[in-house]
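Written out below as structure tokens is the structure these notes cover.
The values are calculated or read from the model by the stated rules, or taken from the named source; none is laboratory data. It should be emphasised that the depicted structure is a prediction, and the values quoted were computed from it without experimental measurement. Don't worry about glycine lacking a Cβ; one is built from the backbone with ideal geometry, like all the others, and counts go over all protein chains shown. The area values use the complete protein model at the heavy-atom level, side chains included, leaving out ligands, DNA and RNA. Shrake-Rupley method; radii C 1.70, N 1.55, O 1.52, S 1.80 Å.
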Amino acid sequence: MGVVVSQSIKNTVTTYLGFGIGAINVLFLFTNFISDTYFGLITFMLSTANIMMPLMAFGTNNTLIKFYSIFKTRQSQNSFLTLMLFLPLVIIIPLGLIGHLSFEVISNWISQTNPIIKDYYWLIYVSAISFAYFEVFYAWSRVQMQSVFGNFMKEVFHRLATTVLLFCLYFNLLNVEQLIYSIVGVYLLRMVLMAVYAFSLRHPVFKFHKFKSLSKVLKYTALIIVAGSVANLILEIDKFMLGYYVDIEKVAYYGVAIYIASVIGVPLRSLHQIISPVTAKLLNEKDHIELKKLYHKSSLNLFIISGFIFLLIILNINELYLLIPEKFSGGLVIVILIGVAKLMDSILGNNNAILFNSDYYKMVLLLGVFLVITTIVFNMIFIPLFGINGAAFATFIAVLLYNLSKILFVQYAFKMTPFTLDTLKATGLIVVSVLVFYFWEFPFHSIINIGLKTLLFSSFYGFVVYKFSFSEDITTILNRFLKPLK
């Protein structure tokens, strides 16, 4: 776990820096500097682009990670990498032509509840391309075991640039339309910078030669589109469908709650950047003993860390909502439901990496398609009944079913589960922490109250995890920080 732990720590710090900047943007700048309508529009645009991203990438970002380690010669690697660079165009170009020829039909359908969407419809396509090729270039660097710069670009760069753009809007250096175009421009610039970095690690040599395992690579690439689409659809389809069913400003209210809950998933995002190629290598080498160890360690470490973040949010959520405009503060149910869903994602550890890089990915794709259909149906039922809370219910149920099916399938195929006795201990600690700290209230300003409760809870949680050695890796890291004090 050496390289995994080292880069995961760096990625976690970078990701939280990005989420901290993003929190300032979402909770304070967007809510005060721009109208709810345009905030909802931007949320809708980027969510829809994220839904399209796996299709635009044609699965090449996942294929790069799965197959790169099997090519041992320079020539075969160059041919493989050339294919990965050009394959997304097989989807991007035809979709662009269809979108252009069918502009009126598609834009009228997508904007029938919120006409403002029509004027910015084409920006969704441009954003999706920039997201797709960014992931391709990021995967290019990750297979070279370099994920930190890419993680900075993925988590920090665009959020910091958005902060600058929002202040430009506030000081009347931009109008709101220019802001929207500039945000899309930031994502395009991010893609270009990621390409420059990736090519500095491994310069592309364009070789259009047939290579061994070509048919296997193409088959996997075509099928893995569904896998990537499943993950993104479950995360983003709620915002897209809210834009279809409810007023666009309610998408902004929902987006704020979702952003708060999404912080819980940061450790998983950070670990995934480096653990995915490591898992693919273990699978290719058929080293199931080390794979099982990695499965247990990644699950336990993520559950402890994500559980801590989950508790920080839940214990302070009422005070946090006092700091933002009241119209955005009706998302408590959303934060809890999506927060628990993110916690369930974390306890799976490198489950996704195991499934998507193994020979069993076809069955997972079938499960994924079924669950996407289920998610859409749940949203169609719950959103008209419960509004934005209904979207959260639909997402929660879909994630629960999807994660349960993945745990059972890995148990069936590899005879291993992510759970150990320490998982039960961590669960008990989370439950006890909620019971002990949730109802504590201090008669001070919200910021002081958040600080006090965070300090008391963090001391308690950290002491228990360290004292009873829940995780060998976390204890080692804590010892490193505590050594100067000792």
Determine, yes or no, whether I324 is part of a helix (DSSP H, G or I) and open to solvent by 10 Å² or more (accessible area, probe 1.4 Å). no
Return the pairs, sorted by first residue and then second, in which the second residue is open to solvent by 30 Å² or more (accessible area, probe 1.4 Å) and not acidic (D, E), the first residue lies in the stretch 413-433 and is under 20 Å from N350 (Cβ atoms), the beta carbons are less than 7 Å apart, and the residues are 6+ apart or on different chains. A413/Y360; F414/H288; M416/K292; T417/Q411; P418/H296; T420/H296
Out of (1) open to solvent by 40 Å² or more (accessible area, probe 1.4 Å); (2) part of a helix (DSSP H, G or I); (3) not hydrophobic (A, V, I, L, M, F, W, C), what's the single condition that is false for T417? (2)
Could you list, ordered by first residue, the pairs with Cβ atoms under 7 Å in which the first is in the stretch 464-481 and on the phi > 0 side of the Ramachandran plot and the second is not in a loop (DSSP other than H, G, I, E, B), at least 6 apart or interchain? S469/T475
Taking the stretch 339-361 and keeping only residues that are free of Cβ contacts under 8 Å to residues at least 60 places away in the same chain and aromatic (F, W, Y), one is left with Y360
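Each row is one residue, and each column tells you yes or no for (1) free of Cβ contacts under 8 Å to residues at least 24 places away in the same chain; (2) open to solvent by 20 Å² or more (accessible area, probe 1.4 Å).
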| site | (1), (2) |
| --- | --- |
| A23 | no, yes |
| F33 | no, yes |
| F44 | no, no |
| M52 | no, yes |
| L55 | no, yes |
| T73 | yes, yes |
Output yes when any residue across the stretch 159-175 is of a type in the set (S, T, N, Q), in a helix (DSSP H, G or I), open to solvent by 20 Å² or more (accessible area, probe 1.4 Å) and within 13 Å of N25 (Cα to Cα), and no when none is. yes
Of (1) surrounded by fewer than 20 Cβ atoms within 10 Å (Cβ to Cβ); (2) more than 27 Å from K72 (Cβ to Cβ); (3) in contact with a Phe, Trp or Tyr (Cβ under 8 Å, 6 or more places away or on another chain), I180 fails just (1)
Is it the case that some residue within the stretch 106-121 is under 20 Å from the mean Cα position of the chain (by Cα), part of a helix (DSSP H, G or I) and either in contact (Cβ under 8 Å) with a residue 40 or more places away in the chain or surrounded by fewer than 16 Cβ atoms within 10 Å (Cβ to Cβ) (or both)? no
If a residue must be under 15 Å from D473 (Cβ atoms) and modelled with pLDDT under 80, how many such residues does the stretch 244-274 contain? 3
Count of the stretch 88-109 residues which are aliphatic (A, V, I, L, M) and more than 24 Å from I225 (Cα to Cα): 2
Restricting to the stretch 125-152, name every residue that is open to solvent by less than 10 Å² (accessible area, probe 1.4 Å) and within 21 Å of F58 (Cβ to Cβ). S127, A128, S130, A132, F134, V136, Y138, A139, W140, S141, G150
Right, F457: assigned to a helix (DSSP H, G or I) and either over 20 Å from I317 (Cβ atoms) or of a type outside the set (S, T, Y) (or both) or not? yes
Taking G307 as the residue in question, decide whether it is under 29 Å from G40 (Cα atoms) and in contact (Cβ under 8 Å) with a residue 40 or more places away in the chain. no
Restricting the stretch 425-472 to residues that are within 26 Å of the chain's Cα centre (by Cα) and more than 30 Å from L323 (Cα to Cα), which is surrounded by the fewest Cβ atoms within 10 Å (Cβ to Cβ)? T427
Scanning for something modelled with pLDDT of 80 or more and within 17 Å of the chain's Cα centre (by Cα), does the stretch 353-366 turn up at least one residue? yes
Within the stretch 383-412, count every residue that is free of Cβ contacts under 8 Å to residues at least 40 places away in the same chain and surrounded by 21 or more Cβ atoms within 10 Å (Cβ to Cβ). 1
Report, by residue number, each residue of the stretch 131-149 that is hydroxyl-bearing (S, T, Y) and under 19 Å from T221 (Cα atoms). Y133, Y138, S141
Given (1) more than 28 Å from T37 (Cα to Cα); (2) assigned to a helix (DSSP H, G or I); (3) open to solvent by less than 60 Å² (accessible area, probe 1.4 Å), G349 misses just (2)
Please determine whether any residue of the stretch 203-213 is of a type outside the set (F, W, Y), on the phi < 0 side of the Ramachandran plot, in contact (Cβ under 8 Å) with a residue 60 or more places away in the chain and out of contact with any helix residue (DSSP H, G or I) (no Cβ under 7 Å at 6 or more places or on another chain). yes
Would you check which residues across the stretch 150-186 are under 17 Å from the mean Cα position of the chain (by Cα) and not aliphatic (A, V, I, L, M) and list them? G150, N151, F152, K154, E155, F157, H158, R159
